[in-house]
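Take a look at the structure below.
The values are calculated or read from the model by the stated rules, or taken from the named source; none is laboratory data. Model, not experiment: these values are computed from the prediction. A quick note on method: Cβ atoms are made from the backbone with ideal geometry, for glycine too, and the neighbour counts reach across all protein chains shown. What goes into the accessible areas is simple: the full protein's heavy atoms, side chains included, and nothing from ligands, DNA or RNA. Shrake-Rupley method; radii C 1.70, N 1.55, O 1.52, S 1.80 Å.
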Amino acid sequence: MFKRLLGLFSNDISIDLGTANTLIYMRGQGIVLNEPSVVAIRQDRGPGGPRSIEAVGIEAKKMLGRTPEHVVTVRPMKDGVIADFTTTEKMLQYFIKKVHERRIFRPSPRVLVCVPCGATQVERRAIRESAFGAGARKVYLLQEPVAAAIGAGIPLDEAVGSMVLDIGGGTSEVAVLSMNGIVYSESVRIGGDTFDEAIMAYVRRNYGVLIGEATAERIKHTVGSAYPGKELLEIEVKGRNLAEGVPRSFTLNSNEILEALQDPLYGIVSAVRTALEQTPPELGADVAERGIVLTGGSALLQQLDRLIMEETGIPVVIADDPLTCVARGGGRVLEMLDEKRVDFLAME
């Protein structure tokens, strides 16, 4: 009863709890929060001492690789699921409080969390419990491809096949949807983080230089490409030379990054091909006609749509604002809940 009373002072929210970023959509307000899923933890008096949260989100991401020994930056989400339960709960608590910061009472909203379709029952339970621990009065789980499709504006209630490829920070989800349900779905643990790791490994192997996660991400955003382009882009990078042990500066170009990204890109393309092979022929014909819709932050990698189009021969469309598709789709489902039109969805 008390939670229901508190619910009157809280807005329903949809959370895209991602490996790289957490997005929150609030009913009637749209996307109200988009911050990195990073937490900085202060460890006082050595390893066994008391732990406290130093910073969360953008502030914590600035500290990645730059902290003193008693402060550790952690990413509590790995491959789209919870790797560190306690820290995820604290992070969610912080984010929910932040979007309700003008309220006098402690927020107790209904929360819809989007989960990867490959998440196990144990992983789903961890997500549900961390949302309850963060103050939610009711928790719904929705599969990410469904949320991504709704956020991208794909009409799901028709008997027509649609294919969605949601490439996030930790996972890539490919799904064929029809008549308000998932016909086929596959989750591969390849995403933006895998791209960053591939760039770091390439630089270490070819230049003998060690670079950090933040630098690898900057390289990916600036000169990263999934398909050979007409112009050659260059970027100057600084890192630690492994042989000499001192910082060194060197130049990387877009062709080198394309070479570095070959393995993870091939993994995503082969997942799409497998999905097309497993799709029933009638739905496959619909997908060939309507194309594949790309969502997720890593869909913004240059020329990725062209690579998939060349490899599969099927038109590829990048959704409007692909980074926020999942959170917006979840928000739309929350609105449908009140319209009593949501029995169909893969919800728990």
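When only C-alpha pairs under 8 Å and at least 6 residues apart count, what is the relative contact order of the chain, in percent?
Once divided by the residue count of the chain, the mean separation gives 19 percent.
If you roll a 1.4 Å probe over the chain with all protein chains in place, what percent of the accessible area is carbon or sulfur?
That share works out to 50 percent.
Go ahead and estimate [θ] at 222 nm for the chain from helices alone: -39,500 (n - 2.57) per DSSP H run with n ≥ 4, summed, over the residue count, rounded to 500.
-11500 deg cm²/dmol
Mind ordering 136-147, 312-323, 155-166 by average Cβ neighbours within 10 Å, highest first?
Ranked from most to least packed, the peptides come out as 136-147, 155-166, 312-323.
What ranking do 33-42, 250-259, 169-178 get when scored by the average of other Cβ atoms within 10 Å per residue, highest first?
Most protected by this proxy first, the peptides run 169-178, 33-42, 250-259.
Looking at the chain from every direction and averaging, what is the projected area of its Cα convex hull in nm²?
19.5 nm²
Taking the full set of protein chains and a 1.4 angstrom probe, give the accessible area of residue 339 in square angstrom, rounded to the nearest 10.
Rounded to the nearest 10, the figure is 90 Å².
Which order do peptides 293-305, 121-133, 193-205, 57-69 fall in by mean Cβ count within 10 Å, highest first?
Averaged packing, sorted descending, gives the order 293-305, 193-205, 121-133, 57-69.
Using 7 Å Cα-to-Cβ label points, what is the residue 157/residue 317 separation (nm, one decimal)?
1.9 nm
For the range 160-279, count the residues as N, evaluate 2.2 N^0.38 Å, and divide the Cα radius of gyration by that value, please.
In units of the globular-protein estimate, the range 160-279 measures up at 1.29.
What is the Cα radius of gyration of the range 246-348 over 2.2 N^0.38 Å, N being its residue count?
Compactness ratio reported: 1.43.
In what order, largest first, do 22, 120, 86 sit by accessible area if the probe radius is 1.4 Å?
Descending accessible area places them as 86, 120, 22.
Sorted by accessible area (1.4 Å probe), largest first, how do 100, 221 line up?
221, 100
With every protein chain kept in place and ligands, DNA and RNA left out, what is the accessible area per residue of the chain? Probe 1.4 Å, answer in Å².
47 Å²
From the alpha carbon gyration tensor of the range 192-260, can you work out the equivalent ellipsoid semi-axes (sqrt of 5 times each eigenvalue) and give them in Å, largest to smallest?
Largest first, the range 192-260 gives 20, 12, 10 Å.
Which whole-number percent gives the relative contact order of the range 106-242, counting Cα pairs below 8 Å spaced six or more residues apart?
Value for the range 106-242: 16 percent.
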